[in-house]
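K.L.:
One structure coming up, written as structure tokens, with questions to follow.
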Amino acid sequence: MASLPAWLGEPERYEPVDDRSSFIEHNLAHLGGMLEQVGAPLPVTHSPVDRALCAVSPSLRIIGVPAAIVCVNATRNMLFAYVMLAVVLVMLAMRPARMIVAIVKPALAVCVLSFILSAPSVFIGQYSAPVRLVVKAFVAVSLVIALARTVPWNHLIAGLKGVGCPDSVIYVCDVTVQFIDILGRSMVSLLDALRLRSVGRDSHKLMSAGRVMGALFLRANTQAKQMAEAMVCRGFNGHYHVRRDPLVTVPNAIYALVIAAMIAFAVYCG
């Protein structure tokens, strides 16, 4: 008769040691979630401001938003910046909570960074510099994010074509935004797979995060080649053809008058 070894008679009770996710894993997950939202417009049906702005041509809005940013940053008199800040805050108040969060969170992050960078100017006598920079940064970032989150990307592409942007620049912007969305989703999936396969305490998560970035790079390279071949097979020759919408409409005329009045007020304020 054969006797069993002692180790076969011991009960198997495996209790993995608790471990916390590493700092880089948290940051990669947060970055992936942010990239996943790029190019995805939020609904504008509950906002009277966005409903009115959606009636305006995207080409005209692409001209108006940079014009407002240039006016805010070019004027030395803070009266214009404070007026634009009041306008931006009123528009935020008329938007739903989800839209407010999507605009305010990145805008406040940029404001904090601007304050940190401009804080040393206080020691040389420029006491108003941090406030000026924070106000202008909040207005500029809020306008850009509101445009990006309320206008679908295909309409922005048509707007770029309408303002005479070269097809090569439009192609780069179009492909970049699409791939940011795809790679953001891929990064989130890879991180979920890493968490599911990580049992117990793992001291090599930093190396695993590096492998995730390597796999993401290889996937991006493969998808770029596949997308280029698919576009060639479908007859894409590098030129964008968009439908020409009428520019002479009542919403476009009102928007153009508002932009012209804003520019005139900025020139008056100096």
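K.L.:
Name the residue that is least open to solvent (accessible area, probe 1.4 Å), counting only residues in segment 229-270 that are in a helix (DSSP H, G or I) and hydroxyl-bearing (Ser, Thr, Tyr). Spell out how you get there, then give the answer.
P.N.:
If we filter segment 229-270 for residues that are in a helix (DSSP H, G or I), which is where we start, we get 229-233, 250-269.
Subsequent filtering for residues that are hydroxyl-bearing (Ser, Thr, Tyr) retains 255, 268.
Values: Tyr255: 36, Tyr268: 182 Å².
Across segment 229-270, the extreme among qualifying residues is Tyr255.
K.L.:
Residue check: is Lys105 assigned by TED's automatic domain parsing to the domain that holds Pro66, open to solvent by 50 Å² or more (accessible area, probe 1.4 Å), in a helix (DSSP H, G or I) and of a type outside the set (A, V, I, L, M, F, W, C)?
P.N.:
Numbers: assigned by TED's automatic domain parsing to the domain that holds Pro66: yes; open to solvent by 50 Å² or more (accessible area, probe 1.4 Å): yes; in a helix (DSSP H, G or I): yes; of a type outside the set (A, V, I, L, M, F, W, C): yes.
Judged against the criteria, Lys105 is a match.
K.L.:
Does segment 239-246 contain any residue that is at pLDDT 80 or above and of a type in the set (Asp, Glu)? Break it down stepwise before answering.
P.N.:
To start, the set of residues in segment 239-246 that are at pLDDT 80 or above comprises none.
Checked segment 239-246: no residue is at pLDDT 80 or above and of a type in the set (Asp, Glu).
K.L.:
Please go through segment 116-151 and pick out each residue that is open to solvent by 30 Å² or more (accessible area, probe 1.4 Å), of a type in the set (Lys, Arg) and farther than 19 Å from Pro96 by Cβ.
P.N.:
Hit for segment 116-151 is Arg132, nothing else.
The values are calculated or read from the model by the stated rules, or taken from the named source; none is laboratory data. Just so it is clear, the structure is predicted and the values come from calculations on it, not from any experiment. Virtual Cβ from ideal backbone geometry, glycine too; neighbours counted across all protein chains shown. Areas reflect the complete protein model, heavy atoms only, side chains present, ligands, DNA and RNA absent. Shrake-Rupley method; radii C 1.70, N 1.55, O 1.52, S 1.80 Å.
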